[in-house]
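None of the figures in this text is laboratory data; all of them are computed from the coordinates on show. Because the structure is predicted, anything quoted here is derived from the model rather than measured.
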């Protein structure tokens with residue numbers, strides 16, 4: 001059986017993700033949203049109860065005012081033509097202005113003015129209609145805010161990007177806009193393949209297991225793992241109560257963590273098996289993340305294992321005991 005040690009896994013993981021860490025996956029379209037967009041860091045994703053609103057992925061840059069919200073939705077339109085022109089595009093962008101006018105009328109903002117509209121980029125297979133507004137927030141220091149909205153249609157959906165920042169930070173806005181639109185365009189026009197989706201699922205899940213993005217990533221990676229018949233699973237390491245009333249909330253996420261660690265080893269090399277130790281480490285990491293966020297109750301054995309200074313020796317001892 002071929003195996004990759006933890007050191008090799010970390011080195012490979014860095015090579016795979018150094019420039020394109022995943023933030024969220026749309027499994028319906030095979031779109032992997034990046035963890036960093038135009039220099040702004042991924043914050044969270046929100047899935048709306050109203051199906052017409054779809055979902056939004058949020059980004060923010062620390063120590064500056066730059067924020068972005070990327071929404072994938074239909075807003076009640078069907079069908080939605082591809083591209084940045086048409087009555088639906090015009091209506092949605094008009095709605096942006098109407099919403100800001102309503103905010104000004106109700107005292108939330110002031111000194112609203114439209115700065116312009118355009119199609120960006122000037123050339124390319126995927127282009128966005130855009131509109132830019134300037135305003136000031138009421139009750140705050142008179143620092144103008146800029147809101148740029150970009151809109152296009154693809155796959156019978158709107159891709160709507162809200163990019164906002166303080167006018168004081170405007171010197172670097174154009175560079176961020178260009179990078180942001182290039183990243184989104186690449187994502188929309190080059191869907192991820194199965195291996196990319198699986199590795200991204202593992203990364204996203206291990207980063208925040210109980211989040212919406214983490215849970216849908218868990219479902220995907222578990223379904224794929226269950227189809228891999230040669231994987232070695234040491235169920236003796238699943239030491240939590242399993243009764244209906246005694247099983248800890250989110251215990252199933254620990255199993256997903258186990259498989260995420262294993263898949264990060266076998267998938268890059270197309271191995272039929274391997275990664276058992278890395279699976280154990282990933283399960284501990286999942287528990288530690290959940291426990292620190294109070295998303296799972298204490299499991300005595302896991303608390304004990306996390307304190308072990310030599311996890312490799314602990315793992316071998318546990319298998320010997322088995």
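For the chain, with a Gaussian network of springs between Cα atoms less than 10 Å apart, report the residue from 217, 279, 173 with the top mean-square fluctuation.
Comparing 217, 279, 173 in the GNM, the peak value goes to 173.
Express the Stokes-Einstein translational diffusion coefficient of segment 153-251 in µm² s⁻¹, to the nearest whole number, given a Kirkwood radius over alpha-carbon pairs, 25 °C and a viscosity of 0.890 mPa s.
Details: Rh = 17.7 Å.
Value of D from the Cα-based Kirkwood radius: 138 µm²/s.
How far, in degrees from 0 to 90, does helix 6-17 lean away from the longest principal axis of the Cα atoms of the chain, to the nearest 10?
Roughly 20 degrees, rounded to the nearest 10.
Dividing the Cα radius of gyration by the Kirkwood radius, what Rg/Rh value follows for segment 186-301? Each step should come with its number before you reach the end.
Working: Rg = 14.4 Å, Rh = 14.6 Å.
We get a ratio of 0.99 for segment 186-301.
From the square roots a ≥ b ≥ c of the eigenvalues of the alpha-carbon gyration tensor of segment 34-126, which class results: rounded (a/c under 1.5), prolate (a/b over b/c), or oblate?
Numbers: a/c = 1.25, a/b = 1.04, b/c = 1.21.
Rounded.
What number, rounded to the nearest 500 deg cm²/dmol, is the helix-based mean residue ellipticity at 222 nm of the chain, given -39500 (n - 2.57) per DSSP H run of at least four residues and division by all its residues?
Numbers: 9 runs with 132 residues, N = 322.
Estimated from H runs of four or more residues: -13500 deg cm²/dmol.
Relative contact order for the chain: what is it in percent, counting Cα pairs under 8 Å that are at least 6 residues apart? Working shown, then result.
Values: 518 pairs, mean separation 48.3, N = 322.
Relative contact order, the chain: 15 percent.
Which value in Å does the Kirkwood hydrodynamic radius of the chain take, with 1/r averaged over all unlike C-alpha pairs and then inverted?
Details: mean 1/r = 0.0453 Å⁻¹.
This gives a value of 22.1 Å.
Could you work out how much longer the chain between residue 143 and residue 245 gets when fully extended? Use 0.36 nm per residue separation minus the Cα distance between them, nm to one decimal. It would help to have the intermediate numbers written out before the result.
Details: separation 102, 0.36 × 102 = 36.72 nm, distance 5.52 nm.
Extra length available between residue 143 and residue 245 comes to 31.2 nm.
Quick one: what do you get for segment 31-189 if you divide its Cα Rg by 2.2 N^0.38 Å?
Values: Rg = 15.3 Å, N = 159, 2.2 N^0.38 = 15.1 Å.
Taking N as the residue count of segment 31-189, the ratio is 1.01.
Could you work out how far helix 251-269 tilts from the main Cα principal axis of the chain, as a 0 to 90 degree angle to the nearest 10?
Long axis of 251-269 versus the principal axis of the chain: about 90 degrees.
Kirkwood Rh and Cα-based Rg: tell me the resulting Rg over Rh for segment 85-130, rounded to two decimals. Walk me through the numbers on the way to the answer.
On the way: Rg = 13.3 Å, Rh = 12.2 Å.
Ratio of gyration radius to Kirkwood radius for segment 85-130: 1.09.
Relative to the longest principal axis of the chain, what angle (0 to 90°, nearest 10) does the C-alpha long axis of helix 311-321 take?
50
Mind checking the full-extension length gain between residue 120 and residue 105? Use 0.36 nm per residue of separation minus the Cα-Cα distance, one decimal, nm. Write out the running numbers ahead of the final one.
Working: separation 15, 0.36 × 15 = 5.40 nm, distance 3.04 nm.
My answer for the length gained is 2.4 nm.
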